[in-house]
1. Taking region 135-270 on its own, what percent of its Cα-Cα pair distances exceed 26 Å?
2. Only residues of region 161-186 count here: report those whose backbone N is under 12 Å from the spot 7 Å along Cα→Cβ of Ile131, or say none.
3. Rg (Å, one decimal) plus Dmax (Å, integer) for the alpha carbons of the chain?
4. Between Thr13 and Ile139, how many nm apart are label points set 7 Å from Cα along the C-beta direction?
5. Can you tell me the length gained on complete extension of the stretch Gln249 to Val39, counting 0.36 nm per residue apart and subtracting the Cα distance?
6. Would you rank Glu190, Glu213 by solvent-accessible area, highest first, keeping every protein chain in place and using a 1.4 Å probe?
7. Pick from Val24, Val182, Val39 the residue whose mean-square fluctuation is largest in a GNM of the chain, springs joining Cα atoms under 10 Å.
8. Over the chain, what is the relative contact order in percent, taking alpha-carbon pairs closer than 8 angstrom and at least six residues apart?
Amino acid sequence: MLRKIKESVTYITKHFNVKPIAGVILGTGLGSFVSEVSVENEIPYYDIPHFPDPGVEGHIGKLLLARHHKIPVVIMQGRVHYYEGFPIETVIYPIRVLKELGIETLFLSNAAGGMNAEFSVGDLMVIKDHINLMPNPLIGPNINELGPRFVDMSEPYDKALIDTAFDIAKKMDIRLRKGCYVGTTGPTYETAAEYKYLRTIGGDAVGMSTVPEVIVARQMGLRCFAMSVITDLGVPGKIERLTHQMIQQVASASEPRMALVFKHLIASLAE
Ligand code: HPA
(Lines give C-alpha, C1' and ligand atoms only; values in the text may rest on other atoms or scores of the structure.)
Protein backbone atom coordinates (compact mmCIF):
# COMPACT_ATOMS: atom_id res chain seq x y z
CA MET A 1 0.00 0.00 0.00
CA LEU A 2 2.73 2.50 0.97
CA ARG A 3 4.67 1.74 -2.21
CA LYS A 4 1.52 2.16 -4.34
CA ILE A 5 0.70 5.50 -2.69
CA LYS A 6 4.26 6.70 -3.39
CA GLU A 7 3.94 5.64 -7.05
CA SER A 8 0.63 7.51 -7.46
CA VAL A 9 2.09 10.60 -5.80
CA THR A 10 5.25 10.49 -7.91
CA TYR A 11 3.14 10.44 -11.08
CA ILE A 12 0.86 13.25 -9.91
CA THR A 13 3.67 15.53 -8.77
CA LYS A 14 5.21 15.31 -12.26
CA HIS A 15 2.13 17.21 -13.45
CA PHE A 16 1.42 19.32 -10.37
CA ASN A 17 4.43 21.22 -9.14
CA VAL A 18 2.84 22.85 -6.09
CA LYS A 19 1.72 21.30 -2.86
CA PRO A 20 -2.09 21.56 -2.48
CA ILE A 21 -3.28 22.56 0.97
CA ALA A 22 -6.81 21.25 0.55
CA GLY A 23 -8.62 18.53 -1.35
CA VAL A 24 -12.15 18.78 -2.75
CA ILE A 25 -14.25 15.76 -3.76
CA LEU A 26 -17.14 16.52 -6.07
CA GLY A 27 -20.05 14.11 -6.05
CA THR A 28 -23.00 13.31 -8.31
CA GLY A 29 -24.02 16.21 -10.53
CA LEU A 30 -21.57 18.52 -8.77
CA GLY A 31 -18.68 18.44 -11.21
CA SER A 32 -19.03 21.96 -12.60
CA PHE A 33 -17.69 23.55 -9.39
CA VAL A 34 -14.41 23.49 -11.28
CA SER A 35 -15.50 26.34 -13.54
CA GLU A 36 -15.49 28.54 -10.41
CA VAL A 37 -11.76 28.14 -9.77
CA SER A 38 -8.73 28.51 -11.99
CA VAL A 39 -7.63 25.09 -13.12
CA GLU A 40 -3.91 24.80 -13.85
CA ASN A 41 -3.62 21.18 -14.77
CA GLU A 42 -5.67 18.01 -14.98
CA ILE A 43 -5.03 14.29 -15.09
CA PRO A 44 -7.61 11.59 -15.90
CA TYR A 45 -7.74 9.01 -13.12
CA TYR A 46 -6.92 6.20 -15.55
CA ASP A 47 -3.48 7.72 -16.13
CA ILE A 48 -2.56 7.69 -12.42
CA PRO A 49 -0.97 4.41 -11.30
CA HIS A 50 -3.26 2.45 -8.91
CA PHE A 51 -5.99 5.14 -8.93
CA PRO A 52 -9.53 3.73 -9.28
CA ASP A 53 -11.60 5.05 -12.16
CA PRO A 54 -15.37 5.50 -11.77
CA GLY A 55 -17.70 4.16 -14.37
CA VAL A 56 -20.92 5.80 -13.20
CA GLU A 57 -22.85 8.29 -15.26
CA GLY A 58 -22.28 11.83 -14.01
CA HIS A 59 -18.88 10.99 -12.56
CA ILE A 60 -16.09 12.07 -14.89
CA GLY A 61 -12.95 10.87 -13.15
CA LYS A 62 -10.31 13.60 -13.30
CA LEU A 63 -7.85 15.00 -10.81
CA LEU A 64 -7.39 18.74 -11.15
CA LEU A 65 -4.91 21.13 -9.67
CA ALA A 66 -6.56 24.51 -9.24
CA ARG A 67 -6.05 27.74 -7.41
CA HIS A 68 -8.59 29.80 -5.61
CA HIS A 69 -7.39 33.10 -4.11
CA LYS A 70 -3.82 31.82 -4.63
CA ILE A 71 -4.62 28.74 -2.53
CA PRO A 72 -3.60 25.55 -4.31
CA VAL A 73 -6.29 22.88 -4.12
CA VAL A 74 -6.53 19.44 -5.63
CA ILE A 75 -9.99 18.56 -6.89
CA MET A 76 -11.35 15.07 -7.45
CA GLN A 77 -13.96 15.39 -10.14
CA GLY A 78 -15.79 12.14 -9.51
CA ARG A 79 -15.20 9.36 -6.99
CA VAL A 80 -15.58 5.61 -6.94
CA HIS A 81 -18.30 4.03 -4.85
CA TYR A 82 -18.44 0.77 -2.93
CA TYR A 83 -21.51 -0.31 -4.94
CA GLU A 84 -19.42 -0.38 -8.12
CA GLY A 85 -17.75 -3.47 -6.72
CA PHE A 86 -14.44 -1.97 -5.68
CA PRO A 87 -13.07 -3.27 -2.37
CA ILE A 88 -13.57 -0.65 0.35
CA GLU A 89 -9.78 -0.08 0.58
CA THR A 90 -9.83 0.89 -3.10
CA VAL A 91 -12.74 3.30 -2.56
CA ILE A 92 -10.68 5.24 0.00
CA TYR A 93 -7.32 4.91 -1.79
CA PRO A 94 -7.50 8.41 -3.33
CA ILE A 95 -7.79 9.94 0.16
CA ARG A 96 -4.50 8.31 1.14
CA VAL A 97 -2.93 9.79 -2.00
CA LEU A 98 -4.32 13.30 -1.37
CA LYS A 99 -2.89 13.24 2.17
CA GLU A 100 0.51 12.19 0.82
CA LEU A 101 0.31 15.08 -1.69
CA GLY A 102 0.23 17.36 1.36
CA ILE A 103 -3.39 18.38 1.94
CA GLU A 104 -4.47 19.31 5.45
CA THR A 105 -8.20 19.81 4.87
CA LEU A 106 -10.69 17.72 2.91
CA PHE A 107 -13.95 19.08 1.47
CA LEU A 108 -16.52 16.54 0.34
CA SER A 109 -19.84 16.85 -1.46
CA ASN A 110 -22.56 14.37 -2.27
CA ALA A 111 -26.20 13.95 -3.23
CA ALA A 112 -28.44 12.56 -0.51
CA GLY A 113 -32.03 11.72 0.29
CA GLY A 114 -33.50 13.88 3.05
CA MET A 115 -35.36 12.21 5.92
CA ASN A 116 -35.81 15.25 8.14
CA ALA A 117 -39.39 16.45 7.57
CA GLU A 118 -38.22 20.09 7.60
CA PHE A 119 -36.01 19.60 4.56
CA SER A 120 -36.98 20.45 0.96
CA VAL A 121 -35.64 19.12 -2.32
CA GLY A 122 -32.66 21.26 -3.37
CA ASP A 123 -31.64 22.13 0.21
CA LEU A 124 -27.98 22.10 1.16
CA MET A 125 -27.13 20.18 4.33
CA VAL A 126 -23.82 20.60 6.16
CA ILE A 127 -22.88 17.25 7.66
CA LYS A 128 -22.28 17.53 11.39
CA ASP A 129 -22.05 13.80 12.13
CA HIS A 130 -22.53 10.48 10.42
CA ILE A 131 -23.71 6.90 10.92
CA ASN A 132 -21.68 4.30 9.09
CA LEU A 133 -23.71 1.45 7.59
CA MET A 134 -20.97 0.48 5.12
CA PRO A 135 -17.96 -1.79 5.69
CA ASN A 136 -15.39 0.07 7.78
CA PRO A 137 -12.42 0.90 5.52
CA LEU A 138 -9.96 0.47 8.41
CA ILE A 139 -10.74 -3.23 8.88
CA GLY A 140 -7.61 -5.31 8.25
CA PRO A 141 -3.98 -5.06 9.29
CA ASN A 142 -3.21 -1.49 10.36
CA ILE A 143 -0.47 0.38 8.52
CA ASN A 144 0.96 2.40 11.38
CA GLU A 145 2.68 4.87 9.06
CA LEU A 146 -0.78 5.97 7.85
CA GLY A 147 -2.44 6.42 11.24
CA PRO A 148 -3.53 4.71 14.44
CA ARG A 149 -5.37 1.39 14.75
CA PHE A 150 -8.23 2.87 16.76
CA VAL A 151 -9.55 6.18 15.53
CA ASP A 152 -11.46 8.77 17.52
CA MET A 153 -14.78 9.69 15.92
CA SER A 154 -16.15 12.10 18.55
CA GLU A 155 -16.02 15.03 16.12
CA PRO A 156 -15.27 13.90 12.57
CA TYR A 157 -16.49 17.14 10.96
CA ASP A 158 -14.54 20.28 11.87
CA LYS A 159 -16.66 22.58 14.03
CA ALA A 160 -14.75 25.73 13.07
CA LEU A 161 -15.29 25.05 9.35
CA ILE A 162 -18.99 24.36 9.98
CA ASP A 163 -19.33 27.71 11.81
CA THR A 164 -17.50 29.52 9.01
CA ALA A 165 -19.78 27.90 6.42
CA PHE A 166 -22.85 29.19 8.26
CA ASP A 167 -21.33 32.70 8.49
CA ILE A 168 -20.62 32.66 4.75
CA ALA A 169 -24.10 31.36 3.89
CA LYS A 170 -25.76 34.01 6.03
CA LYS A 171 -23.88 36.78 4.24
CA MET A 172 -24.85 35.33 0.87
CA ASP A 173 -28.45 34.69 1.84
CA ILE A 174 -28.09 30.96 1.23
CA ARG A 175 -30.13 28.63 3.44
CA LEU A 176 -28.08 25.84 4.95
CA ARG A 177 -29.35 22.89 6.93
CA LYS A 178 -27.25 20.89 9.36
CA GLY A 179 -27.63 17.19 10.02
CA CYS A 180 -26.45 13.65 10.37
CA TYR A 181 -25.64 11.69 7.19
CA VAL A 182 -26.15 7.94 7.01
CA GLY A 183 -23.80 6.13 4.64
CA THR A 184 -25.26 3.00 3.04
CA THR A 185 -23.80 0.71 0.39
CA GLY A 186 -26.51 1.31 -2.19
CA PRO A 187 -26.99 0.91 -5.08
CA THR A 188 -30.69 0.66 -4.26
CA TYR A 189 -32.42 3.74 -2.96
CA GLU A 190 -34.35 3.15 0.26
CA THR A 191 -37.74 1.56 0.76
CA ALA A 192 -40.23 3.62 2.76
CA ALA A 193 -39.57 1.34 5.76
CA GLU A 194 -35.81 1.83 5.43
CA TYR A 195 -36.12 5.65 5.34
CA LYS A 196 -38.25 5.40 8.49
CA TYR A 197 -35.66 3.20 10.17
CA LEU A 198 -32.76 5.49 9.21
CA ARG A 199 -34.66 8.50 10.52
CA THR A 200 -35.39 6.65 13.77
CA ILE A 201 -31.71 5.89 14.36
CA GLY A 202 -30.85 9.58 14.01
CA GLY A 203 -30.24 10.24 10.31
CA ASP A 204 -31.27 13.46 8.57
CA ALA A 205 -30.03 12.37 5.14
CA VAL A 206 -28.87 9.18 3.45
CA GLY A 207 -26.40 8.55 0.64
CA MET A 208 -23.88 6.10 -0.77
CA SER A 209 -20.52 7.81 -0.24
CA THR A 210 -18.49 10.17 1.97
CA VAL A 211 -18.45 8.16 5.22
CA PRO A 212 -15.58 5.76 4.32
CA GLU A 213 -13.58 8.72 2.97
CA VAL A 214 -14.09 10.73 6.16
CA ILE A 215 -13.13 7.75 8.36
CA VAL A 216 -9.82 7.39 6.56
CA ALA A 217 -9.24 11.14 6.45
CA ARG A 218 -9.74 11.30 10.23
CA GLN A 219 -7.36 8.41 10.76
CA MET A 220 -4.73 10.54 8.99
CA GLY A 221 -5.60 13.69 10.92
CA LEU A 222 -7.21 15.65 8.06
CA ARG A 223 -9.83 18.29 8.91
CA CYS A 224 -13.09 17.40 7.16
CA PHE A 225 -16.01 19.45 5.91
CA ALA A 226 -18.86 17.82 3.99
CA MET A 227 -22.07 19.00 2.43
CA SER A 228 -25.04 17.15 0.88
CA VAL A 229 -27.47 18.35 -1.73
CA ILE A 230 -30.87 17.01 -0.72
CA THR A 231 -32.05 15.60 -4.04
CA ASP A 232 -35.18 13.77 -2.87
CA LEU A 233 -37.17 13.14 0.28
CA GLY A 234 -37.52 9.98 2.33
CA VAL A 235 -40.27 11.55 4.38
CA PRO A 236 -43.64 9.75 4.76
CA GLY A 237 -46.09 11.14 2.19
CA LYS A 238 -43.29 12.71 0.09
CA ILE A 239 -41.53 9.60 -1.19
CA GLU A 240 -41.36 9.44 -4.99
CA ARG A 241 -40.03 6.98 -7.54
CA LEU A 242 -36.36 7.90 -8.11
CA THR A 243 -33.99 7.72 -11.04
CA HIS A 244 -30.29 8.59 -11.15
CA GLN A 245 -31.12 11.26 -13.77
CA MET A 246 -33.52 13.00 -11.37
CA ILE A 247 -30.85 12.99 -8.66
CA GLN A 248 -28.28 14.43 -11.08
CA GLN A 249 -30.66 17.17 -12.22
CA VAL A 250 -31.47 18.37 -8.71
CA ALA A 251 -27.79 18.21 -7.72
CA SER A 252 -26.77 20.29 -10.77
CA ALA A 253 -29.47 22.87 -10.07
CA SER A 254 -28.26 23.31 -6.48
CA GLU A 255 -24.60 23.30 -7.36
CA PRO A 256 -24.10 27.07 -7.81
CA ARG A 257 -25.09 27.67 -4.15
CA MET A 258 -22.90 24.84 -2.95
CA ALA A 259 -19.97 26.06 -5.05
CA LEU A 260 -20.26 29.55 -3.53
CA VAL A 261 -20.04 28.21 0.01
CA PHE A 262 -17.11 25.93 -0.88
CA LYS A 263 -15.25 28.73 -2.65
CA HIS A 264 -15.52 31.11 0.28
CA LEU A 265 -14.63 28.38 2.75
CA ILE A 266 -11.48 27.60 0.77
CA ALA A 267 -10.61 31.30 0.69
CA SER A 268 -11.04 31.37 4.49
CA LEU A 269 -8.18 28.87 4.83
CA ALA A 270 -5.76 31.67 3.97
CA GLU A 271 -6.98 33.88 6.81
N1 HPA B 1 -30.87 7.38 -0.88
C2 HPA B 1 -29.59 7.02 -1.06
N3 HPA B 1 -28.73 7.70 -1.78
C4 HPA B 1 -29.17 8.82 -2.37
C5 HPA B 1 -30.49 9.25 -2.22
C6 HPA B 1 -31.38 8.48 -1.45
O7 HPA B 1 -32.57 8.80 -1.29
N8 HPA B 1 -30.61 10.41 -2.93
C9 HPA B 1 -29.39 10.65 -3.46
N10 HPA B 1 -28.52 9.69 -3.13
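1. For region 135-270, the fraction of Cα-Cα distances above 26 Å is 34 percent.
2. Under cut-off, by backbone N: 180-184.
3. When restricted to Cα atoms, the chain yields Rg and Dmax of 17.4, 53 Å.
4. 3.4 nm
5. Taking Gln249 through Val39 to full extension adds about 73.2 nm, to one decimal.
6. Output order, biggest surface exposure first: Glu190, Glu213.
7. Looking only at Val24, Val182, Val39, the largest GNM fluctuation is found for Val39.
8. 26 percent
The values are calculated or read from the model by the stated rules, or taken from the named source; none is laboratory data. No experiment lies behind these values; they were computed from the predicted model shown. Heads up, the Cβs are rebuilt from the backbone with ideal geometry, glycines too, and the neighbour counts pull from every protein chain shown. Side chains are part of the model used for accessible areas, which takes the heavy atoms of the whole protein and leaves out ligands, DNA and RNA. Shrake-Rupley method; radii C 1.70, N 1.55, O 1.52, S 1.80 Å.
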